[in-house]
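The values are calculated or read from the model by the stated rules, or taken from the named source; none is laboratory data. Predicted model only: the values in this text are computed from it and were never measured. Cβ placement follows ideal geometry from the backbone for every residue including glycine, while neighbour counts extend to all protein chains displayed. Only protein heavy atoms, including side chains, enter the accessible area calculation; ligands, DNA and RNA are left aside. Shrake-Rupley method; radii C 1.70, N 1.55, O 1.52, S 1.80 Å.
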Amino acid sequence: MSALTPAVLLSLVSAVAYAGGAILQERVAVSTPQHAYAPLRRPAWWCAVALNGLGALLHVAALAYGPLSLVQPLGALTIVFALPMAALFVHRKAGATAWRGAIMAAVGLAGLLSLTGSASEQSLEGAERLMVALVTAGTVLALMTLAHAVHRHPVVRSILLAGGAGVAFGIASVFTKSVAVEWAEDGTFAQFSSFLVIAALATSGMLLSQASYRGAGLAAPLATVTVVNPVVAAAVGLTLFGESFRYGTTGTVLALACGVVAAGGLILLTTERISGSRKAAGESVVAALPSQPAPTSSRVLTEGEPLVRRVEAPALEAPALEAGPRGRKGKAGPYDEWYSPRDERIKS
């Protein structure tokens, strides 16, 4: 058995655990829309938290057996596993466009990460750690603000929230790497502060990803998190850790092409979800319109019978007159026998 076999198996099981957690999060978001971020009273949500934690532990264990260039691309299989699992367990089928988008996103991400060079043994300095934390917090808050500003467009809102979750998870991986590098060194306070940042980022990513599943389905938010998370981590590695793409300029061009493929997959996922939402909204509007009953007359006109028939108006009856013995001004006259109030007004 190859030495890389445990890394591959652990990575695959990690992707399955992440996919299961995402499916549960999406189901909880559908059933409890009033709790967008943290439905703490739902046992299914805590099961999703446990599955995500298990996926993270398996991912770290896979990194202990295999290189980053192998483990990270296998993590992109989460979105590919999630679609058939959702169809099998919760009967939520994805269309052909969603499948194409998911495969494009996974292939583009796998190619991008496979071109990233091996991880260095550098870690973030104190000033760099503070700068990254502040920039991450500002980016996540900006995405949350934009998401709440476009709340009338559920898909766009979910993509923005999922992007914020991906940023939080990606930077949490960066701080985790820094802690792992400094584990043997004397940096107790620095490690303690990094642990606090990791906990805050992981919690924020979990809450944002939960909110991103409300009103946008499963595929688009999960694909966004799956792509943004390692891309952000790779960007920090390239800029702050001195990492680079393999094969020089050729590898950089190929990495950009892979990024375009992954972005195209996300666009396909988003487009299908938007078109599906518009179709569902149109059907609901048509169903809400009052139905007009069609004429039920079944009599057949005979030959020569006109389409419009003349209807004679009923004769109007004269108002009944009241009988009374009174005459005008107490005198006898021709109107003494029959009179009405109108006649009396005329006579007066």
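Considering (1) buried (at least 20 other Cβ atoms within 10 Å of the Cβ); (2) small (Gly, Ala, Ser); (3) part of a helix (DSSP H, G or I); (4) modelled with pLDDT under 90, the lone condition that residue 123 does not fulfil carries the number (3).
Filtering the range 31-43 for residues that are within 20 Å of residue 73 (Cβ to Cβ) and surrounded by 17 or more Cβ atoms within 10 Å (Cβ to Cβ) leaves an empty set.
List every residue pair whose Cβ atoms lie under 6 Å apart, where the two residues are 6 or more positions apart in sequence or sit on different chains, the first residue falls within the range 74-92 and is surrounded by fewer than 22 Cβ atoms within 10 Å (Cβ to Cβ), and the second residue, located anywhere, is of a type outside the set (Gly, Ala, Ser) and modelled with pLDDT under 80. These pairs meet every condition: 87/93.
On the stretch given as the range 164-176, residues that are at pLDDT below 80 and open to solvent by less than 50 Å² (accessible area, probe 1.4 Å) total 0. Checking 193, 209 one by one, the residue that is crowded, with 23+ Cβ neighbours inside 10 Å, among the small types (Gly, Ala, Ser) and assigned to a helix (DSSP H, G or I) is 209 and no other.
Looking only at residues of the range 231-251 that are part of a helix (DSSP H, G or I) and exposed (fewer than 15 other Cβ atoms within 10 Å of the Cβ), we find that the one that is modelled with the highest pLDDT is 250.
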